[in-house]
Amino acid sequence: MRLFVALDLPWPLRDRLAGLATGIMGARWMPRENLHLTLRFIGEVPNWRAEEIDLALHAIRGRGFPLTLAGVGLFEKGGRVTALWAGVERSPPLDHLQAKIENALQRAGLEPERRRFTPHVTLARLDQPANEKITGFVQRNNLFRAEPFAVERFTLFSSQLGKEGSVYTAETEYSLT
Ligand code: 3AM
């Protein structure tokens, strides 16, 4: 199974994000059902390991908190824009939750994640260069700010890579109180 831990987003928020998805030819905009905020990418694991991961995530205790998506940004690789995303307002509770998940997964035997946590919601992936249009996209949406939403759980997703893009399935939800 190919797994990752993420926040599922409320549908009104997804609708709001889908409203940003215009104006860049060749961008592969994420369908609403795929919009999420990744807390930890896990990757391919055997079933027995997935069970240990599930146990470790179940043991996490934490309180819910409000979170606000704001601003947009991009990821680049080799000078080329590869993804557009919506950003997240600074949130110590989110960082804390992410750290707890990282600890739990390391205790379950996973290698530490070396990359810094950059909370974001991927809106589009880009296979081809489209740099001029992207400047406009960033300028247009710089002031984007969504209504805060309540984070009340986090979710273990499986991901199946397909021709038409990935299909994400919520495997288990873990409640925050
Ligand atoms: O939350 P986003 O959409 O940015 O890019 C993948 C997606 O991130 C990322 O995990 C999320 C759910 O699929 N991902 C895929 N392969 C990855 C890898 N090898 C990866 N993240 C880190 N390392």
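The values are calculated or read from the model by the stated rules, or taken from the named source; none is laboratory data. Note that the structure is a prediction, hence the values are computed from the model and not measured. With ideal geometry, Cβ positions are generated from the backbone for all residues, glycine too; neighbour counts draw on all protein chains shown. Accessible surface areas use protein heavy atoms only, side chains included; no ligands, DNA or RNA. Shrake-Rupley method; radii C 1.70, N 1.55, O 1.52, S 1.80 Å.
Please indicate, with yes or no, whether at least one residue in the stretch 24-33 is over 14 Å from the mean Cα position of the chain (by Cα) and without any contact (Cβ under 8 Å) to a residue 12 or more places away in the chain.
No, the stretch 24-33 contains no residue that is over 14 Å from the mean Cα position of the chain (by Cα) and without any contact (Cβ under 8 Å) to a residue 12 or more places away in the chain.
Taking only pairs six or more apart or across chains, which ones have beta-carbon atoms under 9 Å, a first residue in the stretch 79-96 that is more than 19 Å from residue 30 (Cβ to Cβ) and in contact (Cβ under 8 Å) with a residue 24 or more places away in the chain, and a second residue that is within 11 Å of the ligand (Cβ to nearest atom) and among the charged types (D, E, K, R)?
none
Being open to solvent by 60 Å² or more (accessible area, probe 1.4 Å), under 24 Å from residue 175 (Cβ atoms) and out of contact with any His (no Cβ under 7 Å at 6 or more places or on another chain) is true for just one of 55, 143. Which residue is that?
The conditions single out 55.
How about the stretch 24-51: which of its residues are open to solvent by 50 Å² or more (accessible area, probe 1.4 Å), more than 16 Å from the ligand (Cβ to nearest atom) and in contact with a helix residue (DSSP H, G or I) (Cβ under 9 Å, 6 or more places away or on another chain)?
Passing the criteria: only 25.
Being of a type in the set (A, V, I, L, M, F, W, C), within 16 Å of the ligand (Cβ to nearest atom) and not in a strand (DSSP E or B) is the filter here, so list the residues in the stretch 96-123 that pass it.
Across the stretch 96-123, the qualifying residues are 97, 101, 105, 110, 117.
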